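Asks: Structure provided below as structure tokens; questions to follow.
The values are calculated or read from the model by the stated rules, or taken from the named source; none is laboratory data. Here the structure is a predicted model, which is why all the values come from computation and not from measurement. Glycine gets a Cβ as well: all are built from the backbone with ideal geometry, and neighbour counts include every protein chain shown.
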Amino acid sequence: MPDSETLGATARVNPVTYRIFPVNPGAHLFQVQCLIVDPDPQGQRLSLPNWIPGSYLVRDFARHIVSMRARCNAEEISWQKTDKSTWRCEPCEGLLEVTYEVYAHDLSVRGAHLDTLHGFFNGTSVFLAVQGREHLPCRVEIHAPEGPRYRQWRLATAMESDGADWLGFGSYRTKDYDELIDHPVEMGVFTLGEYRAGGVPHRIAISGRHQVDIDRLCTDLTLLCDHHIGFFGGAPMDEYWFLTMAVGEGYGGLEHRASSSLMCRRDELPQPGRHRMTEKYRRFLGLCSHEYFHLWNVKRIKPAAFTPYELDAESYTTLLWVFEGITSYYDDLALLRSGLISTESYLELLGQTLTRVYRAPGRHRQSVAESSFDAWTKLYKQDENSPNAIVSYYSKGATIALALDMVIRRDTAGRMSLDDVVVELWRRYGQESGGVPETGFEELAKELTGLDLEAFFDLAVRGTGDLPLRELLARVGVKLHLRPRGPGKDLGGKPGNRADRERPSLGVNFQVEQATVVIANVLDGGAAQEAGLSAMDEIVAADDIRVNSSNFAELLSGYDVGDDVKLTIFRRDELMNIRVTLQEPMLDTCYLTLDKEADAQAVQARENWLGISSD
């Protein structure tokens, strides 16, 4: 560790300096030092964000700080915690040094994680904000863990070097605290891929045990990133990193100003020697596409409520459907437009998105504007009744984007599309200062297209009715079909079996990855709800025949709609019998097909929408 004289020399030329040490990977501990020249004479206040931009849940990162001490001019001073995430040091003059330990065992894209295999952190989890100095430049010294087992570790980040070697530990800098917490850091042994898109260097670092065809991955990402850059008319950053953690089970992504943090299953990466586009690899590319689109839509085009971010408490907006929903529409569409997947593959993905909407009875209770506003307490805090009470602004927002695209194309005779609206949104609110007002997107769409879209937005955004997607898609030669859910992990997007239409419905969702049959959700209006079944009930027998997760669907298929079945269940530790009258299966699973009888006008409209040609 550096001595006080060295710390003082470092800090005197940097108003705010941070030093972070992986002091004990086995115990998952980072040590962080924050050095402040000329602290507030009234007593310097420091605070840690309570949430991270892009993930709308108060996570109370300060709870992971396990120890703290403060020194001024090398002398111990006292400090006081004033609320759950704020500290105040006693008044002093000179160089203030605050040292604290952070427990880092959150293996996700949102927090910090450290073990003997790798280290990762978002600045929101480890760097205290020096109140009153947030606008000043920051210097960061990132150290490697000590010991021979860590000699091969490298470092990946989009943070600007301040003397650190390429992929090396050392000094980095940011223009202010806001930038500091928007550059995540990965350290360890990782696979590195490099390519250029839009004339800008791009890199992907993959940690965790995995096999990957890195050349194929970089080739595909080049096509994808080039497409997005071309869509918006240029890259808004000087370099870009995909920081990727490969695991056995896991999925997620979080956007940043010049990078994204990704988590995927290791079998979702392209495997060496296999050249087919698998569903798993397609899923990973869709994740990359989603987070990359956020470079423009969210990181630079923001709701006015997020300008600037206030990370000590919730910030409310009704516009998350614009930022996450529109992004969720274009992420898969970009895979098609960039030539990575086929039209049929894209329609399958779109059918899966629509299925997620149709399987949520809550879409008739909560509007997408309400879903956006209530993200803090509902979407990110789901319980067993969530399918009946809420709708996702991701999937419903993507559905709205699809419908709006179809309406604009139809009512302008193909002269304009949602593409034009999104690009103009970038010009007005991304390239220029200021966030998007709560009515800003709707007003822009109406102004740019010249269309009266008030009724559309009343239905789609503020209403809870279903959108006329079947009719809208028919105009571009695409048929929308609804069918019952099949057994197992039926995500939709594909035609089902005739047996699915004949299988009676219980009206529940089951917990996944369970050997036993445990109810996760009881859906509104279904047979289970009518009979009095409840979430967390464990079904152990049907008409005195023992059931498990592998035979229950087959047993139910032996009954007809309207039949009564005696279900023996455990509720908590109490055994009981409940009679259920089985219902017609719900038509809640969507798939899309090309209309082979579509006329030339519809085919042309479809090709314009999808960005493809039949030639």
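Asks: In region 223-234, how many are in a helix (DSSP H, G or I) and without any contact (Cβ under 8 Å) to a residue 40 or more places away in the chain? Show your work before the answer.
Replies: In the first step, residues of region 223-234 are kept if they are in a helix (DSSP H, G or I); the result is 223-232.
If we keep only those that are without any contact (Cβ under 8 Å) to a residue 40 or more places away in the chain as well, we get 229-230.
So the answer is 2.
Asks: A further question on this structure: Residue by residue through region 453-503, note down the ones that are part of a helix (DSSP H, G or I) and basic (K, R). Please lay out each step first, then the result.
Replies: Just the residues of region 453-503 that are part of a helix (DSSP H, G or I), to begin with: 454-460, 469-474, 498-502.
Across region 453-503, the qualifying residues are R470, R498, R501.
Asks: Okay, next question. Being at pLDDT below 95 and among the hydrophobic types (A, V, I, L, M, F, W, C) narrows it down to one of V436, V522, V512, V476, so name that one. Outline the logic, then answer.
Replies: Values: V436 fails: at pLDDT below 95; V522 fails: at pLDDT below 95; V476 fails: at pLDDT below 95.
Being at pLDDT below 95 and among the hydrophobic types (A, V, I, L, M, F, W, C) holds for just one of V436, V522, V512, V476, which is V512.
Asks: Those residues that are surrounded by 21 or more Cβ atoms within 10 Å (Cβ to Cβ) and touching a Gly at 6+ places or on another chain (Cβ under 9 Å), I need them from region 184-201; list them, please.
Replies: Those that are surrounded by 21 or more Cβ atoms within 10 Å (Cβ to Cβ) and touching a Gly at 6+ places or on another chain (Cβ under 9 Å): P184, V185, E186, M187, G188, F190.
Asks: Scan region 421-437 and give yes if some residue there is surrounded by fewer than 15 Cβ atoms within 10 Å (Cβ to Cβ), closer than 30 Å to K378 by Cβ and either of a type in the set (S, T, Y) or outside the structural domain of G558 (by TED's automatic domain parsing) (or both), otherwise no.
Replies: For region 421-437, residues surrounded by fewer than 15 Cβ atoms within 10 Å (Cβ to Cβ), closer than 30 Å to K378 by Cβ and either of a type in the set (S, T, Y) or outside the structural domain of G558 (by TED's automatic domain parsing) (or both): present.
Asks: Name the single residue that is farthest from the chain's Cα centre (by Cα) among those in region 27-53 being assigned to a loop (DSSP other than H, G, I, E, B) and charged (D, E, K, R).
Replies: Going through region 27-53, the residues assigned to a loop (DSSP other than H, G, I, E, B) turn out to be 28, 38-44, 48-51, 53.
Next cut, charged (D, E, K, R) only: 38, 40.
On the way: D38: 40, D40: 38 Å.
Ranking the candidates gives D38 first.
Asks: Here's another thing I want to ask about it. Might you let me know whether region 509-518 holds any residue that is without any contact (Cβ under 8 Å) to a residue 12 or more places away in the chain and in contact with a strand residue (DSSP E or B) (Cβ under 7 Å, 6 or more places away or on another chain)? Spell out the reasoning first.
Replies: Restricting attention to region 509-518, the residues satisfying the condition of being without any contact (Cβ under 8 Å) to a residue 12 or more places away in the chain are 511, 513.
Still in the running and in contact with a strand residue (DSSP E or B) (Cβ under 7 Å, 6 or more places away or on another chain): 511.
Looking for residues that are without any contact (Cβ under 8 Å) to a residue 12 or more places away in the chain and in contact with a strand residue (DSSP E or B) (Cβ under 7 Å, 6 or more places away or on another chain), one finds at least one in region 509-518, hence yes.
Asks: Kindly establish whether M237 is not in a strand (DSSP E or B) and not assigned by TED's automatic domain parsing to the domain that holds A334. Steps first, please.
Replies: Details: not in a strand (DSSP E or B): yes; not assigned by TED's automatic domain parsing to the domain that holds A334: yes.
For M237, the condition - not in a strand (DSSP E or B) and not assigned by TED's automatic domain parsing to the domain that holds A334 - is met.
Asks: Based on what the data block shows, is E370 surrounded by fewer than 22 Cβ atoms within 10 Å (Cβ to Cβ) and under 26 Å from P484 (Cβ atoms)? Break it down into steps so the answer makes sense when it comes.
Replies: Numbers: surrounded by fewer than 22 Cβ atoms within 10 Å (Cβ to Cβ): yes; under 26 Å from P484 (Cβ atoms): no.
Considered against the rule, which asks whether it is surrounded by fewer than 22 Cβ atoms within 10 Å (Cβ to Cβ) and under 26 Å from P484 (Cβ atoms), E370 comes out as no.
Asks: Could you please find all residues in region 262-283 being part of a loop (DSSP other than H, G, I, E, B) and closer than 19 Å to W241 by Cα?
Replies: The first filter runs over region 262-283 and keeps only residues part of a loop (DSSP other than H, G, I, E, B), leaving 269-278.
Result: L269, P270.
Asks: Sort out which residues of region 212-222 are under 24 Å from the mean Cα position of the chain (by Cα) and in contact (Cβ under 8 Å) with a residue 40 or more places away in the chain, and write them in order of number.
Replies: Selection gives V212, L217, D220, L221.
Asks: Also, I was wondering about something else. Quick one: which helices (runs of 4 or more DSSP H) lie wholly within region 504-615 and hold at least 2 residues that are surrounded by 14 or more Cβ atoms within 10 Å (Cβ to Cβ), among the small types (G, A, S) and touching a helix residue (DSSP H, G or I) at 6+ places or on another chain (Cβ under 9 Å)? Please lay out each step first, then the result.
Replies: Details: elements: 527-531, 552-556, 600-610.
Qualifying helices (runs of 4 or more DSSP H): 600-610.
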